[in-house]
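Data block below; observations after.
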DNA sequence: GTATGGATGTTCT
DNA sequence: GAACATCCATACT
């Protein structure tokens, strides 16, 4: 399977608004290059975490953990949740303002075998759409851990955001998944009907 | 298909 | 010491 041609997104192309960025990233690609080869996937589900949003990790100001949210938009914010899974976010505002977009699910394009190997024995290799369906799985498929925190996804680095490789389908919206606060805000976005989107069925159509 | 409960480790109060 | 932007196995409809 040859790697598809994908152009890197430049920082200036990213919408300046967090919600706009969350929608914009649907249908775009996430690419990791390395000695083992390329892994890439279409982003199909995101969530926005805003300034003044109690569910945003930056809500109470910068700490050692969340400082990457305060970097210029297009930087990675990675953290461990429930002691189990890493979450990959894209910082979304200007320097000093803490907000971001969580990448919740992606449709694998290149390097499926490598993704499955990174996911380990629990990966459902018979169903490619399951490889990066869910934020923890997405980070797992790309081999993302805290050492990737703070990386510039718009620089000439090993992990980057790329343009769309196909037409983007209709985008749906819902409340965010798994929160105990700010549960009413409609800040989750997804490509309707895509099998790589996570969550219960009613939040995928 | 959905519902439930346990595992897990870091962070901040 | 509680909370936590999840995943997986199991049980059930």
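Quick note: the coordinates plus some simple rules give every number you see, no bench work behind them. From a predicted model like this one, the values you see are computed outputs, not experimental measurements. Neighbour counts run over all protein chains shown; Cβ positions are idealised from the backbone, glycine included.
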### Query
Can you work out the base-10 log of I(q)/I(0) for region A:1-88 at q = 0.14 1/Å, using the Debye formula on its C-alpha atoms alone?
-0.62
#### Entry: Sequence ranges A:81-94, A:113-126, ranked by mean other-Cβ count within 10 angstrom, highest first
A:81-94, A:113-126
### Model label zone, residue A:171; criterion: amide N under 20 Å from point 7 Å along Cα-to-beta-carbon; scope region A:95-126
A:99-108
## Note on the structure
Kirkwood-based Rg/Rh on the Cα set of region A:57-116 evaluates to 1.06
### Query
When ranked by the protection proxy of mean other Cβ atoms within 10 Å per residue, highest first, what sequence do the peptides A:188-196, A:44-52 form?
A:44-52, A:188-196
### Task
Using only the alpha carbons of region A:82-151, determine the length spanned along each of the three principal axes and report them from longest to shortest in whole angstroms.
43, 24, 19
### Query
Looking at chain A from every direction and averaging, what is the projected area of its Cα convex hull in nm²?
10.9
### Principal axis dimensions, region A:155-205 - Cα atoms, whole angstrom, descending
37, 24, 15
### Message
Viscosity 1.002 mPa s, temperature 20 °C: what is the translational diffusion coefficient of region A:98-205 from Stokes-Einstein with a Kirkwood Rh over Cα pairs, rounded to a whole number of µm²/s?
### Response
140
### Query
Which residue fluctuates the most in chain A, going by a Gaussian network model with Cα springs under 10 Å, if the choices are A:149, A:33, A:110?
A:33
### Query
Looking only at Cα atoms, what is the convex hull volume of region A:1-40 per residue, in Å³?
84
